[in-house]
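Engineer: Starting off with a structure, shown below.
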Amino acid sequence: MKMKHTLQYFLLFSLTLVLFSCGNADDDVSFDFNDNELGIGKEPDDCLGFDDNELLLSIQDEFTTLPGKVSILFKVSDLQGNPISGLTADQFTIYEQGRNDDCFNLISASESQARISPNSQVFNNNTLLVLDLSNSVLESSLDELKAASISFINNVMPSPATESFQMAIYWFDGEDELHLLNPLSFSAEELTASIEGITADISNDPSTDLYGAVIKSTQKAKELLNQNSDVIGASSVVLFTDGTDQASRYRESDALKAVREADRNISYFTIGLGAEIDTEVLTEIGKTASVFAANKEELEITFNQISQRVAEQANSFYLFEYCTPKRDGSGESNLVIQLTDGSQQGAVQTKFNAKGFTGGCE
């Protein structure tokens, strides 16, 4: 496996949220499965005799570092697309197959110094919180929205703060503009202060340009993905509204097309409030997950449900590293990483080249 200068795109936000609406009923759920994709990896060789995957290790990138380190960035989820966070190195087993091996040999995790390393050097995650501040929100549910948004920020932003995980806040009304409330930041305090500063007179247009907000936030999420070619990027659009599109500046079909054709590394969440929302449209816009609150008192609970899943998703990306016993001249070797988490297991196969390898790790 050669050191990559152009990192692979990946399926980042393949989430399934169990979300509650209208009194937190369990039967109002919007799913988006991950199609059992293994990223740039593949199913392990049959000679290992593994059972079918119950957990998915989706490889996003892989590279080697002299004198002998192999690094694999992958995302872990279950078959329903739910992210799996909090895994440790001792839950992974390493198998290698060299040019003279009929099947794979077990590599000692302790002797190979296997570890989970911080992934900030190869991965970043950006969240766009997009708020409807049209007249109906400002007049009837602004305090509840502010409390829910602050709770969302505190739940999603990691502590201690890291520049690899940032959030920006935008808002929309009836104008043909996606207003910036706070630029991309890794500071929860800065983001919270911006929310606290929202006042009832912030808007000059009482209408709702919902479809314009969808199209514009998609473009901004796309720009974030492309801003650093040396780092794998993922973006989340979390959009709140309490109504339907009233401005008619853009077509519904164009907004839905923007979401449907968006980069697969962009995920979409929608939160609808009240009886005037179009749940069908919001479900299509929130293709990763959508949730509907019957009243403003449910807003904070609803935002917290989403924030938990967004945080779990970010923490389900692992940079797994180990020192291989393969040496220069051994050619290309196959590699299988197997994960055991309780009663569930999953495995993925890839390969690397030991060119220049001598021994040990940095």
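The values are calculated or read from the model by the stated rules, or taken from the named source; none is laboratory data. Everything numeric in this text was worked out from a predicted model, so none of it was measured. Using ideal geometry, Cβ is built from the backbone for each residue, glycine included, and neighbour counts are taken over all protein chains shown. The area values use the complete protein model at the heavy-atom level, side chains included, leaving out ligands, DNA and RNA. Shrake-Rupley method; radii C 1.70, N 1.55, O 1.52, S 1.80 Å.
Engineer: Tell me whether segment 131-224 comes out rounded, prolate or oblate; compute the Cα gyration tensor, take square roots of the eigenvalues as a ≥ b ≥ c, and use a/c under 1.5 as the rounded threshold.
Structural biologist: Here segment 131-224 falls in the oblate category.
Engineer: Now for a different question. Which of the three applies to segment 174-316, rounded, prolate or oblate, going by the alpha-carbon gyration tensor with a ≥ b ≥ c and a/c under 1.5 meaning rounded?
Structural biologist: rounded
Engineer: Still on this structure, I have one more. Can you list the GluC sites (Glu not before Pro) in segment 117-169 that are in a DSSP coil and have 11 or fewer other beta carbons within 10 angstrom?
Structural biologist: Hits after loop and neighbour filter: Glu163.
Engineer: Given a 1.4 Å probe and the protein chains all in place, what does the accessible area of Asp45 round to, in Å² to the nearest 10?
Structural biologist: 70 Å²
Engineer: Please report how far the C-alpha centroid of segment 222-292 lies from that of segment 150-220, rounded to the nearest whole angstrom.
Structural biologist: So the separation of the two Cα centres works out to 14 Å.
Engineer: For the chain, give the share of DSSP beta bridges that are antiparallel, in percent and rounded to the nearest 5; count only bridges with both residues there.
Structural biologist: Percentage antiparallel, nearest 5: 60.
Engineer: Please compare each pair in Lys146/Lys257; Lys75/Lys222; Lys146/Lys220 to a cut-off of 25 Å on the Cα-Cα distance and tell me which ones are over it.
Structural biologist: Result: Lys146/Lys257 exceed 25 Å.
Engineer: Less than 14 Å apart at the alpha-carbon level, and either on another chain or at least 8 residues along: which aspartates and glutamates does that give for Lys69?
Structural biologist: Glu96, Glu111, Glu321, Asp328, Glu362
Engineer: Using a Gaussian network model of the chain whose springs link C-alpha atoms within less than 10 Å, name the residue from Glu252, Glu298, Glu276 with the highest mean-square fluctuation.
Structural biologist: Glu276
Engineer: Ranked by accessible surface with a 1.4 Å probe, highest first, in what order do Lys75, Lys355, Lys220, Lys326 come?
Structural biologist: Final ranking, largest accessible area leading: Lys355, Lys220, Lys326, Lys75.
Engineer: Per-residue ellipticity at 222 nm for the chain, helices alone: DSSP H runs ≥ 4 residues times -39500 (n - 2.57), over residue total, nearest 500 deg cm²/dmol?
Structural biologist: That calculation yields -6500 deg cm²/dmol at 222 nm.
Engineer: Which residue, Arg99, Arg115, Arg264, has the most motion in a Gaussian network model of the chain that connects Cα atoms within less than 10 Å?
Structural biologist: Arg99
Engineer: So what's the net charge close to Ala109: Lys and Arg +1, Asp and Glu -1, counting the other residues with Cβ under 12 Å from its Cβ?
Structural biologist: -2
Engineer: Say we join alpha carbon atoms closer than 10 Å with springs in a Gaussian network model of the chain; which of Ser136, Ser316, Ser235 then has the biggest fluctuation?
Structural biologist: Sorting by GNM fluctuation, first place goes to Ser136.
Engineer: Hey, another quick one. Once both labels are modelled 7 Å past Cα along the beta-carbon direction, what's the Leu106-Ser253 spacing in nm?
Structural biologist: 6.0 nm
Engineer: Once you have a ≥ b ≥ c as the square roots of the Cα gyration tensor eigenvalues for segment 166-220, tell me rounded if a/c is under 1.5, and otherwise prolate or oblate according to whether a/b is larger than b/c.
Structural biologist: Taking the square roots of the gyration eigenvalues as a ≥ b ≥ c, segment 166-220 is oblate.
Engineer: Then there's this: Based on the mean of other beta carbon atoms within 10 Å per residue, what is the order of 124-133, 46-55, 340-349, most packed first?
Structural biologist: Averaged packing, sorted descending, gives the order 124-133, 340-349, 46-55.
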